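*Asks:* Below is a structure I'd like to ask you about.
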Amino acid sequence: MQTYNFLAGDTETGGLISYRDSLIEVAFIADNLQVLVPPEELEDYIVSLPKFQCYVVRERYIGEAKALAMNSKAFQRIADREPGYLYMTPNEVIPALNEFAYGLGMEFPFLAAGKNFSGFDRLFLEGIDSKEELRFHHRTIDPAMWYMEYEDKKPPSLETCLSRAGINKKVKHEALEDAADIIRLVKLYYWNKYSNSNYGQSI
């Protein structure tokens, strides 16, 4: 039975300012850092992992035109209450996320992984008015650091990281798929670094 020790996450928002712009979508995928996955088995492995995804329902959404336009599919789903997805008010999100992680036997505080998670996604999640606290560790995994190159003046974008990892795909800017991209980056890095050693648990 697989155990889980980190959550790869992403949010979709109405902009870059956490105290002003609206949180629209939240997604996390549970995984285990120490499980080594061969690249040819990675996509099937990601499909098998436990996932949390919800759309945040509110009367009005605040944000920048470009960011709101990028989330047009999410807004259509929210408006239609398309079956097969979770729709939550802001104060329901954190309790549901905590329940998801605890239900998998994860230990508090939860370790998060994400592209600029501490400086972006976490701020939006912490801005939610909730009766439960956000139970994430103060340290996070940002795989962008693993894919920096000498010439970089700042951490690379998610799409650049994917390209440097040998993954030829566009970033969808949908929370669940972007969280899956974080899993891809983490797993490929760990495979390349540890698969020829005595570390890790291969699937």
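The values are calculated or read from the model by the stated rules, or taken from the named source; none is laboratory data. This is a predicted model, so every value here is computed, not measured. Reconstructed Cβ throughout: ideal geometry from the backbone, glycine too, with neighbour counts over all protein chains shown. What goes into the accessible areas is simple: the full protein's heavy atoms, side chains included, and nothing from ligands, DNA or RNA. Shrake-Rupley method; radii C 1.70, N 1.55, O 1.52, S 1.80 Å.
*Asks:* Pairs, please: C-beta under 8 Å, at least 6 apart or cross-chain, first residue free of Cβ contacts under 8 Å to residues at least 40 places away in the same chain and in the stretch 64-88, second open to solvent by 70 Å² or more (accessible area, probe 1.4 Å) and outside any loop (DSSP other than H, G, I, E, B)?
*Replies:* Close Cβ pairs (under 8 Å, with a partner that is open to solvent by 70 Å² or more (accessible area, probe 1.4 Å) and outside any loop (DSSP other than H, G, I, E, B)) amount to Glu82/Gln76.
*Asks:* Just for the stretch 152-203: of the residues that are of a type in the set (Phe, Trp, Tyr) and modelled with pLDDT under 95, which one is farthest from Glu25 (Cα to Cα)?
*Replies:* Checked the stretch 152-203; the qualifying residue farthest from Glu25 (Cα to Cα) is Tyr199.
*Asks:* Within the bounds of the stretch 90-100, is there any residue that is in a helix (DSSP H, G or I), open to solvent by less than 50 Å² (accessible area, probe 1.4 Å) and of a type in the set (Phe, Trp, Tyr)?
*Replies:* Among the residues of the stretch 90-100, at least one is in a helix (DSSP H, G or I), open to solvent by less than 50 Å² (accessible area, probe 1.4 Å) and of a type in the set (Phe, Trp, Tyr), which makes the answer yes.
*Asks:* Just one of the numbered conditions (1) in contact with a Phe, Trp or Tyr (Cβ under 6 Å, 6 or more places away or on another chain); (2) of a type outside the set (S, T, N, Q); (3) farther than 21 Å from Arg184 by Cβ is not true of Gly84; which one?
*Replies:* (1)
*Asks:* Still on this structure, please answer the following. Tell me whether the stretch 128-149 contains one or more residues that are under 15 Å from Glu25 (Cβ atoms) and either surrounded by 13 or more Cβ atoms within 10 Å (Cβ to Cβ) or not polar (S, T, N, Q) (or both). If you could, list the steps in order and put the result at the bottom.
*Replies:* Step one: filter the stretch 128-149 for residues under 15 Å from Glu25 (Cβ atoms), giving 128.
Right, trim to either surrounded by 13 or more Cβ atoms within 10 Å (Cβ to Cβ) or not polar (S, T, N, Q) (or both) and you get 128.
Yes; the residues of the stretch 128-149 include at least one that is under 15 Å from Glu25 (Cβ atoms) and either surrounded by 13 or more Cβ atoms within 10 Å (Cβ to Cβ) or not polar (S, T, N, Q) (or both).
*Asks:* Okay, moving on. For Gly114, state whether it is touching a helix residue (DSSP H, G or I) at 6+ places or on another chain (Cβ under 8 Å) and at pLDDT below 95.
*Replies:* When the stated conditions are applied, Gly114 does not pass them.
*Asks:* Output yes when any residue across the stretch 70-79 is charged (D, E, K, R), in a helix (DSSP H, G or I) and open to solvent by less than 50 Å² (accessible area, probe 1.4 Å), and no when none is.
*Replies:* Filtering the stretch 70-79 for residues charged (D, E, K, R) gives 73, 77.
Pick out the ones that are also in a helix (DSSP H, G or I) and you get 73, 77.
Now drop any that are not open to solvent by less than 50 Å² (accessible area, probe 1.4 Å), which leaves 77.
Yes.
*Asks:* Run Gly119 past the list (1) closer than 16 Å to Thr13 by Cα; (2) surrounded by 15 or more Cβ atoms within 10 Å (Cβ to Cβ) and report the number of the one that doesn't hold.
*Replies:* Of (1) closer than 16 Å to Thr13 by Cα; (2) surrounded by 15 or more Cβ atoms within 10 Å (Cβ to Cβ), only one is false for Gly119: (2).
*Asks:* Within the stretch 1-58, how many residues are without any contact (Cβ under 8 Å) to a residue 12 or more places away in the chain and of a type in the set (S, T, N, Q)?
*Replies:* Within the stretch 1-58, the first condition is being without any contact (Cβ under 8 Å) to a residue 12 or more places away in the chain, and the residues that meet it are 1, 17, 40, 43-44, 47-48.
Still in the running and of a type in the set (S, T, N, Q): 48.
Qualifying residue count for the region: 1.
*Asks:* Restricted to the stretch 1-51, and to residues that are among the aromatic types (Phe, Trp, Tyr) and open to solvent by less than 10 Å² (accessible area, probe 1.4 Å), which residue is farthest from Ala180 (Cα to Cα)? Please lay out each step first, then the result.
*Replies:* At the first step, the residues of the stretch 1-51 found to be among the aromatic types (Phe, Trp, Tyr) are 4, 6, 19, 28, 45.
Filter once more, keeping what is open to solvent by less than 10 Å² (accessible area, probe 1.4 Å): 6, 28.
On the way: Phe6: 13, Phe28: 9 Å.
Filtering the stretch 1-51 for residues that are among the aromatic types (Phe, Trp, Tyr) and open to solvent by less than 10 Å² (accessible area, probe 1.4 Å), the one farthest from Ala180 (Cα to Cα) comes out as Phe6.
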